[in-house]
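The values are calculated or read from the model by the stated rules, or taken from the named source; none is laboratory data. Not measured: the values here are computed from a predicted model. In this analysis, Cβ positions are derived from the backbone assuming ideal geometry, glycine residues included, and neighbour counts consider all displayed protein chains. Ligands, DNA and RNA are excluded from the accessible area calculation, which covers all protein heavy atoms including side chains. Shrake-Rupley method; radii C 1.70, N 1.55, O 1.52, S 1.80 Å.
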Amino acid sequence: MNQTKHWSKIALATLVLVSVVACGKSRQVKISASDVTRATTPAKLPADIEKLWKNRHNEQDLRQALVSLEKFAVENPQYADVKVMLCRGNYLMGDGHLWLKLTGDADEDAKVKEESIQFYDAAVNWCEAALAMNPKFRDKVVKDGLEVEKALDVLGPEDIDALYWRYASLGKWSRLVGFTTLLSNRSKFSAMVNRVKEIEKAMGKEYFYAATLRYDAASNALSPTGDKKLADKLFEEAIAKHPNYFAVRVLYAESRLKGNEDKFKKQLEFVLKGKPSSLPEIEADQIVEQRKAKKLLDEL
């Protein structure tokens, strides 16, 4: 058994499983019944883990970072921010490093997608573990037996990271699992993003480079019944707000611009010419987006 799987089993053994039944493929929500008090300050990670996380644009560094972070999270369960890092790290493995390995070969891609599903599921699990650090939310789900999406009203600004990245990871997981699962989970996506919007309003500021605006754009772009003109308008608004955030340009090109070569190239070439360090807090993620932009251009 490799280290990643070993620590994943230990970590998940500390959680209580709450079954969720839905049309399509279902997954189990893993909400801890533990009453560990959430730390009021961020975790101070060992230097070696910090270095690996900083270099998460390298696949092997990210894989090792996930192993080390899981071990740290099991030994220090009070840190919700570490659980969110694990959520985002697992998401990046699927959305970044593994996505880059897709070649168009059905057999090879099937293996990559299966591994991606596992990473996205792990991402959702860790975000759920972070949400469970909110005692009111935990009681609603564990004691009262409510679905996660029926207990979102008690979440606040301190929960917004886990809430948003749970949505993002569940969305990617659902899309890879299949259309029926994606369709059955659409109301869950809406519930989570709407709660993020409510928290944004209460905070008086937008979250993570206009994340909810990107959601509205992507949901219209990717849905068969979505308003494509509205999607384009919202993508352009998101880009105008944060021109150096590469992911929105890559998403826009991939989801809407493949039929318009000039606009497609314009967005992706901007990404390739840009400086990842323009957003230092997500520089590693920006580097991965540049690789995705290059792949899309090469395929064109």
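Per-structure values
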{"read-out": "Residue list for segment 220-243, restricted to those being of a type outside the set (D, E, K, R) and open to solvent by less than 70 Å² (accessible area, probe 1.4 Å)", "value": "220, 221, 223, 226, 230, 231, 234, 235, 238, 239, 242, 243"}
{"read-out": "Restricting segment 255-300 to residues that are within 26 Å of residue 229 (Cβ to Cβ) and within 18 Å of the chain's Cα centre (by Cα), the residue that is surrounded by the fewest Cβ atoms within 10 Å (Cβ to Cβ)", "value": "255"}
{"read-out": "Segment 134-153: number of residues that are within 22 Å of the chain's Cα centre (by Cα) and exposed (fewer than 15 other Cβ atoms within 10 Å of the Cβ)", "value": "2"}
{"read-out": "Flag for residue 36 being closer than 24 Å to residue 147 by Cα, modelled with pLDDT of 80 or more and not in a strand (DSSP E or B)", "value": "yes"}
{"read-out": "Single unsatisfied condition, residue 91 versus (1) more than 23 Å from residue 58 (Cα to Cα); (2) in contact with a helix residue (DSSP H, G or I) (Cβ under 6 Å, 6 or more places away or on another chain)", "value": "(1)"}
{"read-out": "Matching entry among 168, 191 (being under 24 Å from residue 90 (Cβ atoms), touching an Asp or Glu at 6+ places or on another chain (Cβ under 7 Å) and in the same structural domain as residue 84 (by the TED database))", "value": "191"}
{"read-out": "Verdict on residue 161 being within 19 Å of residue 56 (Cα to Cα) and not hydrophobic (A, V, I, L, M, F, W, C)", "value": "yes"}
{"read-out": "Neighbours by Cβ (under 7 Å, 6+ apart or cross-chain): first from segment 251-269, farther than 22 Å from residue 168 by Cβ; second surrounded by 17 or more Cβ atoms within 10 Å (Cβ to Cβ) and among the small types (Gly, Ala, Ser)", "value": "264/253"}
{"read-out": "Pairs, first part of a helix (DSSP H, G or I) in segment 169-193, second open to solvent by 50 Å² or more (accessible area, probe 1.4 Å) and not acidic (Asp, Glu), C-beta under 7 Å, six or more apart", "value": "176/113; 177/25; 180/23; 181/25; 182/175; 184/23"}
{"read-out": "Neighbours by Cβ (under 9 Å, 6+ apart or cross-chain): first from segment 49-60, closer than 20 Å to residue 99 by Cα; second open to solvent by 80 Å² or more (accessible area, probe 1.4 Å)", "value": "57/291"}
{"read-out": "Residues satisfying the stated conditions in segment 65-102, i.e. polar (S, T, N, Q) and crowded, with 20+ Cβ neighbours inside 10 Å", "value": "90"}
{"read-out": "Positions within segment 29-79 being aliphatic (A, V, I, L, M) and over 16 Å from residue 90 (Cα atoms), in sequence order", "value": "29, 31, 33, 36, 39, 43, 45, 47, 74"}
